[in-house]
Amino acid sequence: MPEKQSDKVWNRFRTACDAFFDRKNQEAKQREVKAQLVSQEQAAHLDRFADTVAALTPDNPGTIEGFRELVAEWRASGASGGPRAEEKFQTLMGKYLDTVPGLPYAERADLLFQLQVERLKSGPDAQQALYKKEQGLRRDINELENDIATLQTNLEFFARSKNANQLREEYQGRIDEAKLRIDALKKQLKIIRS
């Protein structure tokens, strides 16, 4: 390029670059302001939910319907999305369910797991997160099945020895516990697939 035009082209290029990066920085600032507003909104909702949970007493316990209303309110508010806020919400809902009278532990765990799956499904990488969760559950099931096989093999050795009733009972209890855990994990797999 001739020297006469070189400065003119350079200045034009530099102006275009400055305009591009100024606009990029401005958009980044706007996203940051929006994120702060959402964060403040999340904090306000979480504070209100924390107050609701703190107000629960044995005379005024939580209910399953109340739990569902709080979850629906959280989802409808549009405040969900930040991982820390979601974790805090999950913790608050766990505390809320602790106050529900007569709620079996298994049902409590199922409700919290469904809440976690909903969070994963609404996330930006939903398919990948659900796949990762499913693979983790499958891995846990396989480990438990291997543990059961090992315990049953050991149990057969105890069957041949004298005075091993206590060990046999202990191992059988561990096998039964592992089978219950497998059933719970399979239930969680069904929740993920639905």
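The values are calculated or read from the model by the stated rules, or taken from the named source; none is laboratory data. Everything quoted here is computed from the prediction, not taken from an experiment. Glycine gets a Cβ as well: all are built from the backbone with ideal geometry, and neighbour counts include every protein chain shown. Accessible surface areas use protein heavy atoms only, side chains included; no ligands, DNA or RNA. Shrake-Rupley method; radii C 1.70, N 1.55, O 1.52, S 1.80 Å.
Quick look at the values:
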read-out: In segment 45-72, the residues that are free of Cβ contacts under 8 Å to residues at least 24 places away in the same chain and in a helix (DSSP H, G or I); value: D47, R48, D51, A54, E65, R68, E69, A72
read-out: Complete set of residues in segment 174-188 that are open to solvent by less than 90 Å² (accessible area, probe 1.4 Å), touching a residue at least 12 places away in the same chain (Cβ under 8 Å) and over 13 Å from E145 (Cβ atoms); value: A184, Q188
read-out: Unique match (being of a type in the set (D, E) and under 21 Å from the mean Cα position of the chain (by Cα)) among E3, E65, E41, E32; value: E41
read-out: Boolean, E69 is surrounded by 10 or more Cβ atoms within 10 Å (Cβ to Cβ) and under 25 Å from K121 (Cβ atoms); value: yes
read-out: Among the residues listed as Q152, Q188, Q172, Q166, the single one being polar (S, T, N, Q) and either under 30 Å from T52 (Cα atoms) or touching a Gly at 6+ places or on another chain (Cβ under 7 Å) (or both); value: Q188
read-out: Test: residue in segment 120-133 that is part of a helix (DSSP H, G or I) and closer than 18 Å to R181 by Cβ; value: yes
read-out: Count - residues of segment 84-135 that are open to solvent by less than 30 Å² (accessible area, probe 1.4 Å), over 18 Å from R68 (Cβ atoms), modelled with pLDDT of 85 or more and not hydrophobic (A, V, I, L, M, F, W, C); value: 0
